[in-house]
Amino acid sequence: GENVEQHPSTLSVQEGDSAVIKCTYSDSASNYFPWYKQELGKGPQLIIDIRSNVGEKKDQRIAVTLNKTAKHFSLHITETQPEDSAVYFCAASRAGSGYALNFGKGTSLLVTP
Amino acid sequence: SAVISQKPSRDICQRGTSLTIQCQVDSQVTMMFWYRQQPGQSLTLIATANQGSEATYESGFVIDKFPISRPNLTFSTLTVSNMSPEDSSIYLCSVDRTGQLNTEAFFGQGTRLTVV
C-alpha cells in the first residue's frame, strides 16, 4: 500500500519568513496530492492540492510543487502570519476511483510574531 | 466545496457503551470515508462507506466494532461499539467529490470522543 512520509514534524518560523514542508510517497500510481490545515479542535481543512499532470500550483501565499519522478511533493508558505500556526498534513491518493487518502504524520507549524 | 455536518461534535461515554456518529453531506456523493485520529496523531482510515453495499474495512478495523450504515447518497453513520478508553479519538467523516477531471476530498469537523 501507499506510504507517505512527512518532514519536519515541527517547524518554528518568524512572522514574514517562509515555511516549507516536504512529503514523499511510495505508490507510483498515486495521482492526487492534497494538503490540509488542522487547527485545534477542528477537522482538516483542504488548503491546496495538486494532480500528477501538474508540476506546481500556487494560491496567493501558498504553493505546492510535485516531482513525480522522485515521488515527492512540498508545501511552501510565504510571508507567514501567526494565523498560519496549525498542524499541516500531506496526503496521497489514486483520485477518481474511490481510493481513500493516505496521510503523512503531520507538521506542527508555529509562526511567532 | 462540500458542506459536511457531523453529530455529535463531542461526547464523553462510559466504557462498554456504544456511540453512533452521524455524517450528513449537502449533496449526493458516491464515496464516504470514516477516519480515526488518535490524540496527537495523523488520520487513519477506518472504512469506506458504500451506498447499497457493505462498508469496506481497513486492516485492523472490523465491522463488529465499527458498524457503518449508508442508507443514501448524502448520509452515513459510524458506531463505535463496546467502547474502551483506547477508543478515545477524533472520528472524522470525509467525502470524495469526483468530477471528470478533478477530485477533492473534504472533511467534517469531527467528533471528539472521550471514553471513561
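Each value in this text was obtained by applying a stated rule to the coordinates, not by laboratory testing. Being a predicted model, the structure only gives us computed values, none of them experimental. Every residue, glycine as well, gets a Cβ built from its backbone with ideal geometry; the counts of neighbours run over all protein chains shown.
Numerical summary
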read-out: Within the stretch A:1-104, strands (runs of 3 or more DSSP E) holding 3 or more residues that are closer than 21 Å to B:V95 by Cα and among the aromatic types (F, W, Y); value: A:32-38
read-out: Complete set of residues in the stretch A:59-113 that are farther than 13 Å from A:S9 by Cα, surrounded by fewer than 17 Cβ atoms within 10 Å (Cβ to Cβ) and within 10 Å of chain B (Cβ to nearest Cβ); value: A:G96, A:S97, A:G98
read-out: Subset of the stretch A:23-58 (residues that are surrounded by fewer than 17 Cβ atoms within 10 Å (Cβ to Cβ) and charged (D, E, K, R)); value: A:D27, A:E39, A:K42, A:R51, A:E56, A:K57, A:K58
read-out: Whichever residue in the stretch A:40-58 is away from every other protein chain (no Cβ under 14 Å) and without any contact (Cβ under 8 Å) to a residue 12 or more places away in the chain and, among such residues, is nearest to A:S18 (Cα to Cα); value: A:K58
read-out: Residue that is of a type in the set (D, E), out of contact with any Phe, Trp or Tyr (no Cβ under 9 Å at 6 or more places or on another chain), surrounded by fewer than 18 Cβ atoms within 10 Å (Cβ to Cβ) and over 17 Å from B:I4 (Cα atoms), where the choices are B:D64, B:D87; value: B:D64
read-out: Options B:L73, B:L43: the member that is among the aliphatic types (A, V, I, L, M) and within 12 Å of the chain's Cα centre (by Cα); value: B:L43
read-out: Pairs with Cβ under 8 Å, 6+ apart, first in the stretch B:41-67 and more than 17 Å from B:C23 (Cβ to Cβ) and more than 10 Å from chain A (Cβ to nearest Cβ), second small (G, A, S) and part of a loop (DSSP other than H, G, I, E, B); value: B:I63/B:A55; B:D64/B:S81; B:K65/B:S81
read-out: Test result for A:L11, closer than 28 Å to B:W34 by Cα, out of contact with any Cys (no Cβ under 9 Å at 6 or more places or on another chain) and of a type in the set (A, V, I, L, M); value: no
read-out: Candidates B:V29, B:V80, B:V3 - the one that is exposed (fewer than 12 other Cβ atoms within 10 Å of the Cβ) and more than 9 Å from chain A (Cβ to nearest Cβ); value: B:V3
read-out: Selected residue (only one of B:G60, B:G40, B:G52 is in contact with a Lys or Arg (Cβ under 9 Å, 6 or more places away or on another chain) and either outside any strand (DSSP E or B) or among the charged types (D, E, K, R) (or both)); value: B:G52
read-out: Total residues in the stretch B:2-28, condition farther than 11 Å from B:Y91 by Cα and in a loop (DSSP other than H, G, I, E, B); value: 10
read-out: Cross-chain or 6+ apart pairs with Cβ under 8 Å, the stretch A:70-90 first and of a type outside the set (F, W, Y), then part of a helix (DSSP H, G or I); value: A:I77/A:D84
